[in-house]
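What follows is a set of notes on a single structure, which appears directly below.
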Amino acid sequence: MAFTFRRSAHPIRTALGSLVLSLGAASAHAGQVVCVFDILGTQGPSANFTKDYVLAMQKVGADMTVKVYTDERVAIEDFRTGQCDAVTATGMRTRQFNATAASIDSLGVSTIVRNGKVDLPASYEVVHKAIQTFSAPAAAKLMVEGNFEVSGIVPLGAVYPIVNDRKISTVEGAAGKRIAAFDHDKAQAVMIQRIGAQPVSADVTTFATKFNNGAIDIIAAPALAYKPLELYRGIGTKGGVSRFPLMILSYQMIIHRNRFPEGFGEKSRAYWLSSYGAAMRVIGDSERDVPPSAWMDFSPDDAQRYSLMLRESRIDIAQRGLYDKRGLKVLKRIRCSINPTDAECASQAELDLK
């Protein structure tokens, strides 16, 4: 059985939504609660595939119920304080529990540029190989930090810069502009500072509204958010979506490992890995939701320049202790296995991070 990613046409919930599914399986480890972040609520794709996952995991002795949150911060806090036995959220939020796995959600770490153009299939292959690497039995120890364990990773999609004015088509054009900055991701503040823009505090529940209302000039979001969050309102007639991934966002499950059967984490990671193709189909559908007229492409020179800028920013952020150096080394080796002719592969940059 594989995850079924069901896309939702339901409007976004604006308050904390919750759904509890009682599956009724008997086991010695009965009653685990999975806190699921899905900005679309109980009918969103993350909520739906977790429901399917819960049914499948009955076979390995886990009797889980699902509680869905539209506020990621609350879901994480309920997990951290022990009110949930597991949580599924973006890698940017789960970084506090396992920074190595969350390296997938680092600036430019999966973006492949060839001949001045973003090679999106190759970029997703970086993510796929990273998930395979972290899901392999040989990496089991890396997925455990104390009592926390990563028990699954899938992609959520490329994160694109979205602007309310196409004149903001270069880094220079972003100087002084208002950019949404999530307080929980300190790396964003470093990047915004580097380009001379003005950070505006926001979170997952407010960034779209602020953009659509004109309080923010630039946001970064995956295509999954375009239609349900009505980002076309903020884009209006002058804005657009830059076809240059700042990163490819992942969705990760973290468990309190002492609340699950022995060996559960490894079986769970393998199950999530098997759902990579289903996740990519949802991502592909979402990318097609963005009208062709809304996309903006960088020149070849700018694409190469921005790729280098993201790499330099990523190294700076790692040296500040905000990114996991071990994870970045793994991702660089994967990038260079896919795109060995890139100039970065002739250097030790990132590999020599201490």
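The values are calculated or read from the model by the stated rules, or taken from the named source; none is laboratory data. Since this is a predicted model, take the numbers as computed values, not measurements. With ideal geometry, Cβ positions are generated from the backbone for all residues, glycine too; neighbour counts draw on all protein chains shown. Ligands, DNA and RNA are stripped out before the accessible areas are found, and what is left, the full protein with its side chains, is counted by its heavy atoms. Shrake-Rupley method; radii C 1.70, N 1.55, O 1.52, S 1.80 Å.
Among the numbered criteria (1) touching a residue at least 24 places away in the same chain (Cβ under 8 Å); (2) open to solvent by 10 Å² or more (accessible area, probe 1.4 Å); (3) farther than 19 Å from Ala180 by Cβ, which one does Leu249 miss?
The failed condition is (3).
What about Leu308, is it of a type outside the set (Ser, Thr, Tyr), closer than 27 Å to Ala189 by Cβ and free of Cβ contacts under 8 Å to residues at least 60 places away in the same chain? Walk me through how you get there before you give the answer.
On the way: of a type outside the set (Ser, Thr, Tyr): yes; closer than 27 Å to Ala189 by Cβ: yes; free of Cβ contacts under 8 Å to residues at least 60 places away in the same chain: yes.
The answer is yes for Leu308.
Looking only at helices (runs of 4 or more DSSP H) that fall completely inside region 37-151, which ones have 2 or more residues that are more than 30 Å from Arg320 (Cβ to Cβ)?
45-57
Under 7 Å by Cβ, and 6 or more places apart or on different chains, what pairs join a residue from region 45-63 that is under 22 Å from Arg281 (Cβ atoms) with one that is assigned to a helix (DSSP H, G or I) and of a type in the set (A, V, I, L, M)?
Within 7 Å, the pairs are Pro45/Val282.
Filter the helices (runs of 4 or more DSSP H) completely within region 166-229 down to those with at least 2 residues that are at pLDDT below 90 and surrounded by fewer than 20 Cβ atoms within 10 Å (Cβ to Cβ).
171-174, 186-194
Check off (1) out of contact with any Pro (no Cβ under 9 Å at 6 or more places or on another chain); (2) at pLDDT 95 or above; (3) among the hydrophobic types (A, V, I, L, M, F, W, C) for Val20 and give me the number that stays unchecked.
Every listed condition holds for Val20 apart from (2).
Across region 305-321, which residue is nearest to Ser123 (Cα to Cα) among those that are out of contact with any Leu (no Cβ under 8 Å at 6 or more places or on another chain) and surrounded by 18 or more Cβ atoms within 10 Å (Cβ to Cβ)?
Ser307
Would you mention how many residues in region 230-243 are over 18 Å from the mean Cα position of the chain (by Cα), in a loop (DSSP other than H, G, I, E, B) and not acidic (Asp, Glu)?
Qualifying residue count, region 230-243: 5.
Which of (1) in a helix (DSSP H, G or I); (2) closer than 16 Å to Leu246 by Cα does Phe298 not meet, given it meets every other one?
Going through the list (1) in a helix (DSSP H, G or I); (2) closer than 16 Å to Leu246 by Cα, Phe298 breaks only (1).
So that you can scan it fast, the table gives a plain yes or no per residue for (1) at pLDDT below 90; (2) assigned to a helix (DSSP H, G or I); (3) more than 23 Å from Gly116 (Cα to Cα):
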{"residue": "Leu310", "(1), (2), (3)": "no, yes, no"}
{"residue": "Ile317", "(1), (2), (3)": "no, yes, yes"}
{"residue": "Leu322", "(1), (2), (3)": "no, no, yes"}
{"residue": "Gly327", "(1), (2), (3)": "no, yes, yes"}
{"residue": "Val330", "(1), (2), (3)": "no, yes, yes"}
{"residue": "Arg335", "(1), (2), (3)": "no, yes, no"}
{"residue": "Pro340", "(1), (2), (3)": "no, no, no"}
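What are the residue pairs meeting all of these: first residue in region 255-275, first residue closer than 24 Å to Leu156 by Cα, second residue among the acidic types (Asp, Glu) and modelled with pLDDT under 95, Cβ atoms under 9 Å, and 6 or more apart or on different chains?
Final answer for the pair search is Ser275/Asp52.
Quick one: count up the residues across region 93-145 that are among the basic types (Lys, Arg) and in contact with a Ser or Thr (Cβ under 7 Å, 6 or more places away or on another chain).
0
Restrict the check to region 244-255 and report whether at least one residue is aliphatic (A, V, I, L, M) and assigned to a helix (DSSP H, G or I).
No; the residues of region 244-255 include none that is aliphatic (A, V, I, L, M) and assigned to a helix (DSSP H, G or I).
When the residues of region 141-150 are narrowed to those that are in contact (Cβ under 8 Å) with a residue 12 or more places away in the chain and open to solvent by 30 Å² or more (accessible area, probe 1.4 Å), which ends up farthest from Arg259 (Cα to Cα)? Quick ask: steps written out before the conclusion?
Within region 141-150, the subset in contact (Cβ under 8 Å) with a residue 12 or more places away in the chain is 142-145, 147-150.
Among the residues that remain, those that are also open to solvent by 30 Å² or more (accessible area, probe 1.4 Å) are: 142, 144-145, 147-148.
Numbers: Leu142: 19, Val144: 14, Glu145: 15, Asn147: 9, Phe148: 10 Å.
Among them, the one singled out is Leu142.
Count, please, the residues in region 114-135 that happen to be at pLDDT below 95 and open to solvent by less than 10 Å² (accessible area, probe 1.4 Å).
1
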